[in-house]
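Read through the structure below, which is laid out as structure tokens, and then see the notes.
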Amino acid sequence: MLAGLQNVTFEFGARVIVKDATWHIQPNERIGLIGYNGTGKSTLLKLFAGQYSPSEGTVERSRSTTIGYLHQDLLSFDTNGSILEVAMTAFERVLQLEKEIEELGKELEKDHENNDLLIRYTDALHEMDTLDGYTIHHRTEEILQGLGFSNSDLTRPFREFSGGWRMRVLLAKMILQKPDLLLLDEPTNHMDLPSIEWLEKYLQHYQGSVVIVSHDKYFLNRMVTKIVELYQRELHIYNGNYSFYETEKVQRVELQQRAFENQQDYIRQQERFIERFKAKASKAAAAQSAMKRLEKVERIENVEIERPNIKINFRVDKTPGRVLATLKDATKKFGEITIVEDASAEIDRGDKIALIGANGKGKSTLLRMVAGAEPFEGERVWGHNVEESFYAQHQLEALDVNNTLLEEMQLCGSQKTDLELRVLLGCFLFSGDDVDKKIKVLSGGEKARVALAKTIVSKANFLLLDEPTNHLDMHSCDLLIDALNKYEGSFLLVSHDRYFISKTANKIWEIEDQLIREFKGTYEEWVDWKERNLAAKAAAASSPAPKPAAAPKPVQQAQPVQPPPSTPINKENKKELQKQQRVFQELEEKIAKLSKERAQLEASLSDPSTYSDRSKFTAAEAAYKKASEELTRANQQYEQVFEKIMELEKGF
């Protein structure tokens, strides 16, 4: 075990983050830590990193375990040094050795017969070789380039870069340090798709354990083999990727909800009994006993109360013409950098377009060009009856800082009631009294969510969205995906969230060679098309030049094909058939037995006496899950054996 929580309870004042939580991290694990915004995921990482101490229980760490923790607070670090120098501070001992070797070399030039100096110099060279110190420049450059930095960036001062790029430098440093346990808090925020894909591949082969807090489902699906969910102050562990977690969570929630409802029935029955008989002398003792039993019952949480399944609904006021917008011969340059040159594109009614690519390619610039917020050479033609709504970071400046959230939403002219606006704000992580806060007290991320809510509540038939999921949690992303899929209008969006793109877009735009390349299809289809193209190019590049055509050979008379001789029935096949028929019968009996066992366990889970005893309920729930898994495996074997029998019977 590298690190772990043992019966840990942690509180912020009266607020409990986790209660009696146990979680052990083993070597070479890939873990996704998930939960709704504000539940305390970052707090858990800080417990492992030693920045917080638990109220109860222990945080266990092996003495030899090294931990690297990437978090937003690191952005307070500043320096005039280049990003290459900052990343290379990961090799503290190697850099120290470089200085020692240089100084010892100078001393040996003056006194080359000094045996003590020679031994120290030789030892330093040996240690340098052992630490692979001569490759640190190459390794550092490779990591930084993988994270999206160009060669010319490497010598630029760290302080010249924005927060997102600074975080990449610090991530590079952490990767180069190779700690036994990497704790990464939203590492893909502000990364472009190529950098996320590079990080994903790198971490899959990382020689250590990784715990990641992320709202990127696509990243988690491809990266992790275990999900730990922080939910209602408890840790729930699922041995699989995010898709596995989603399937298993549904089953667990259904069981817990059934348990909650049955326990509530039991509590109501006991309360009626107590109320009815507590005043009667003959039944008072029984009523008192029932009251004591009821007090000892460990209450099961209602799983439906934490995040209700609210829907976001768009309304379109007018139906636009067939073509919404056209770019003709568009050219946009920033000094010597050309974004697009003589590029043309068309957006039709019903288009749901994702504009993707690496940072610096000009995705947001192109979005602003379509919106009419960025001047360029060429022409933008707006279609008939088009009503657009544009969401981007600069829209935050348009918010009236003296308004409350609710007042700002009322200005949208959507004719929604205050209750409807409160529900909509709830989808964007504002609940209760939050809606009465002034805009001026909100953080940047909170303002971004308000601006996005305003964009969505409008009756526009064409939306332009720049990184709409940046400040949302997974649940809110799912609500937005559902809304965009039902939206009757069209949209053009920029996003680095591959899951979000894959669930919403029916067209892909990519800026390539200063032109807008359009692909009609989903993100997965685009990825498949790109991979096939790359494979075809690689095959063409590696194949030898075609040889001159050889002289044709004389055509020979085709020989008649002799039919295979008929063979007698194979005795081995017959024996195998009989064996498979016996296995088939045994599996039928096993499936019947397991189905009965699972039904009994399900009935047990519905028994109030089970819910009143937590250990009993946990054991029953585990047995039910085990029986379900065995039944699934038996059914799969049943189908395989059946197919084998069918194949064997064909030979008779």
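The values are calculated or read from the model by the stated rules, or taken from the named source; none is laboratory data. It should be emphasised that the depicted structure is a prediction, and the values quoted were computed from it without experimental measurement. Cβ: placed from backbone, ideal geometry, glycine included. Neighbour counts: every protein chain shown.
Summary table
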{"item": "Flag for Gln637 being closer than 30 Å to Gln270 by Cβ, at pLDDT 75 or above, surrounded by fewer than 17 Cβ atoms within 10 Å (Cβ to Cβ) and not assigned by TED's automatic domain parsing to the domain that holds Gln269", "result": "no"}
{"item": "Residue in segment 200-219 that is farther than 20 Å from Met474 by Cα and either touching a Cys at 6+ places or on another chain (Cβ under 8 Å) or of a type in the set (D, E, K, R) (or both) present", "result": "yes"}
{"item": "Tabulated pairs, segment 256-268, first in contact (Cβ under 8 Å) with a residue 24 or more places away in the chain and farther than 15 Å from Leu294 by Cβ, second in a helix (DSSP H, G or I) and of a type in the set (Phe, Trp, Tyr), C-beta under 9 angstrom, 6+ apart or interchain", "result": "Ala259/Tyr611; Ala259/Phe617; Phe260/Tyr611"}
{"item": "Among the candidates Tyr121, Tyr36, residue that is of a type outside the set (A, V, I, L, M, F, W, C), in contact (Cβ under 8 Å) with a residue 12 or more places away in the chain and touching a Leu at 6+ places or on another chain (Cβ under 8 Å)", "result": "Tyr121"}
{"item": "Qualifying positions in segment 222-239 - in contact (Cβ under 8 Å) with a residue 24 or more places away in the chain and among the polar types (S, T, N, Q)", "result": "Thr225, Gln232"}
{"item": "Matching helices (runs of 4 or more DSSP H) fully within segment 1-118 where at least 3 residues are within 30 Å of Glu446 (Cβ to Cβ)", "result": "41-49"}
{"item": "Candidates Glu160, Glu142, Glu200, filtered to the one that is free of Cβ contacts under 8 Å to residues at least 24 places away in the same chain, of a type outside the set (Lys, Arg) and within 24 Å of Thr65 (Cα to Cα)", "result": "Glu200"}
{"item": "Enumeration of residues in segment 89-124 that are among the aliphatic types (A, V, I, L, M) and buried (at least 16 other Cβ atoms within 10 Å of the Cβ)", "result": "Ala90, Val94, Leu97, Ile101, Leu104, Leu117, Ala124"}
{"item": "Near pairs, Cβ below 8 angstrom, 6+ apart or cross-chain, from segment 94-118 (farther than 24 Å from His138 by Cβ and modelled with pLDDT under 85) to any residue that is of a type outside the set (A, V, I, L, M, F, W, C) and in a helix (DSSP H, G or I)", "result": "Leu108/Tyr121; Asn114/Glu107; Leu117/Glu107"}
{"item": "Tally, over segment 413-428, of residues that are aromatic (Phe, Trp, Tyr) and assigned to a helix (DSSP H, G or I)", "result": "0"}
{"item": "Helices (runs of 4 or more DSSP H) enclosed by segment 190-307 - at least 1 residues per element that are surrounded by fewer than 16 Cβ atoms within 10 Å (Cβ to Cβ) and touching a Pro at 6+ places or on another chain (Cβ under 8 Å)", "result": "242-277"}
{"item": "Qualifying positions in segment 136-176 - of a type in the set (Phe, Trp, Tyr) and assigned to a helix (DSSP H, G or I)", "result": "Phe158, Trp165"}
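Each row is one residue, and each column tells you yes or no for (1) in contact (Cβ under 8 Å) with a residue 60 or more places away in the chain; (2) under 20 Å from Leu220 (Cβ atoms).
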site: Leu424; (1), (2): yes, no
site: Lys440; (1), (2): no, no
site: Gly444; (1), (2): no, no
site: Arg449; (1), (2): no, no
site: Ile456; (1), (2): yes, no
site: Leu480; (1), (2): yes, yes
site: Gly489; (1), (2): yes, no
site: Gln514; (1), (2): yes, no
